[in-house]
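The block underneath contains the structure these notes are about, expressed in structure tokens.
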Amino acid sequence: MSNNVKSLITGAFMLAAGLILYFTTDGVKIPVFTLTKVGVVLVFLGALELVITTGAMLLPDRKSQRR
């Protein structure tokens, strides 16, 4: 498996885990922060990972174009 595919899987997993946390842990309270906020952060990071990896896959590297 290439690094891009691994990054896509990681981003999708983070996005899914974040959505699960966001929608299912509304009443859960822990001392420092709420799990809903952790879910929002995971959704953001997972989406960012997916966007960056997709961009890297679709746009070729400039060094390879010089050949």
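The values are calculated or read from the model by the stated rules, or taken from the named source; none is laboratory data. In this text, all values refer to a predicted model and were calculated from it rather than measured experimentally. For neighbour counting, all protein chains shown are included, and Cβ atoms are generated from backbone atoms with ideal geometry for every residue, glycine included.
Here are the numbers for the structure shown:
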{"read-out": "Among residues of region 45-65, those that are within 13 Å of K6 (Cα to Cα) and more than 15 Å from the chain's Cα centre (by Cα), counted", "value": "1"}
{"read-out": "Of residues in region 15-67 being part of a loop (DSSP other than H, G, I, E, B) and surrounded by 13 or more Cβ atoms within 10 Å (Cβ to Cβ), the one modelled with the lowest pLDDT", "value": "T34"}
